[in-house]
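Asks: The structure is given below, and queries will be raised subsequently.
The values are calculated or read from the model by the stated rules, or taken from the named source; none is laboratory data. What you see is a predicted model, and the numbers here were worked out from it, not measured in a lab. Neighbour counts run over all protein chains shown; Cβ positions are idealised from the backbone, glycine included.
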Amino acid sequence: MSQENRVLSNAVDVSVPSVARMYDYYLGGKDNYAVDREACDELSKVVPSTGVLAVNNRRFLRRVVRWLAEERGIRQFLDHGSGLPTQDNVHEVAQRVDPRSRVVYVDNDPIVLAHGRALLEENEHTAVIQADMRDTDGIFDHPEVRRLIDLDEPVAALFVSVLHCIPDADDPAGLVRRVAERLAPGSYLVVCQLVSEDPATRDFVTEFMRVNTQGHWGRVRQQHELRAFLDGLEIEEPGLVEVSTWRPDPSDAGPKQLTQEWIEYGGVARRV
């Protein structure tokens, strides 16, 4: 995939569902529109555990950032496809461990940029940039990334529930490799995406999201495909798993629920 500069719009299109806004709706947020809610309701008719999946994924993000900050001493986070701000964002979790932790959020949705900048206006250690997460060179050359991220020190690069948005033609595995190559040894890659071993679920969700987002979608994959994304990296225990089982924490609010039709599958890998 070429890394030419991609043209990003600053206009919010309320006629087409946005993955970020759909996720916000599933999490009980208010930054979504009727078109997003309608798409979620239609999707849930066929895969009713989608709301539970979104909650499990958010809890995983919170646990993994806290683990990286507390147990691995990571103080720099680059969050690809960050989505809309909600409770316990990456910077909030990391900065509870160390207020000097630095976070850059990357998203191509203009509403994420607007809400993120308002939230972070007085946080000098955190920034949000509008960029296509496939544009690795553009992201690493961005002034805010250069200001906050020291590439000579370990970084945690996050790809949490976003790789299914990237078509095979754009090589999501290559994207993970490109980012890993830019990071110092001792850095971490956090990767998870929607997977299903049921062909009917994979086909339905992939086509539903492709049509409803007007092509801003990749596909639901299988577990073995995600494992291949991390070739050459050292997978941390407990390996690649359904994310609600990754280092579960009793402090997670409410009972843990497993999803049936599809799962969020992933884990953490270290660059050695």
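Asks: Anything in region 86-114 that is within 23 Å of L163 (Cβ to Cβ) and at pLDDT below 90? List them, or say none.
Replies: The answer is T86, D88, N108, D109, P110, I111, V112, L113.
Asks: Got at least one residue in region 176-197 being surrounded by fewer than 16 Cβ atoms within 10 Å (Cβ to Cβ), under 23 Å from V243 (Cβ atoms) and at pLDDT below 95?
Replies: yes
Asks: Do you know which of the residues in region 67-90 that are over 14 Å from the mean Cα position of the chain (by Cα) and crowded, with 19+ Cβ neighbours inside 10 Å is nearest to L151 (Cα to Cα)?
Replies: Selected residue: Q76.
Asks: OK, next. Of the numbered conditions (1) surrounded by 19 or more Cβ atoms within 10 Å (Cβ to Cβ); (2) of a type in the set (D, E, K, R); (3) modelled with pLDDT under 95, D135 satisfies every one except a single condition; which is it?
Replies: Tallying (1) surrounded by 19 or more Cβ atoms within 10 Å (Cβ to Cβ); (2) of a type in the set (D, E, K, R); (3) modelled with pLDDT under 95, D135 fails exactly one: (3).
Asks: Moving on. Determine, yes or no, whether L61 is out of contact with any His (no Cβ under 9 Å at 6 or more places or on another chain) and buried (at least 19 other Cβ atoms within 10 Å of the Cβ).
Replies: yes
Asks: Considering region 210-234 alone, what residues qualify as being surrounded by 15 or more Cβ atoms within 10 Å (Cβ to Cβ) and among the hydrophobic types (A, V, I, L, M, F, W, C)?
Replies: Answer for region 210-234, where residues must be surrounded by 15 or more Cβ atoms within 10 Å (Cβ to Cβ) and among the hydrophobic types (A, V, I, L, M, F, W, C): W217, V220, L226, F229, L230, L233.
Asks: Here's another thing I want to ask about it. Given the residues E207, E242, which is the only one that is surrounded by fewer than 18 Cβ atoms within 10 Å (Cβ to Cβ) and acidic (D, E)? Reasoning before the result, please.
Replies: Working: E242 fails: surrounded by fewer than 18 Cβ atoms within 10 Å (Cβ to Cβ).
Step by step, each of E207, E242 is checked, and only E207 is surrounded by fewer than 18 Cβ atoms within 10 Å (Cβ to Cβ) and acidic (D, E).
Asks: Tell me, please, whether a residue that is under 27 Å from E70 (Cα atoms), surrounded by fewer than 20 Cβ atoms within 10 Å (Cβ to Cβ) and not small (G, A, S) can be found in region 105-116.
Replies: Checked against the condition, which is being under 27 Å from E70 (Cα atoms), surrounded by fewer than 20 Cβ atoms within 10 Å (Cβ to Cβ) and not small (G, A, S), region 105-116 yields no hits at all.
Asks: Inside region 164-203, can you point out the residues that are touching a Gly at 6+ places or on another chain (Cβ under 7 Å) and among the hydrophobic types (A, V, I, L, M, F, W, C)?
Replies: Across region 164-203, the qualifying residues are C165, I166, V191, C192.
Asks: Also: Please list, ordered by residue number, the strands (runs of 3 or more DSSP E) wholly in region 98-197 having 3 or more residues that are farther than 30 Å from T259 by Cα and in contact (Cβ under 8 Å) with a residue 24 or more places away in the chain.
Replies: Fully inside region 98-197 and qualifying: 102-107, 126-130.
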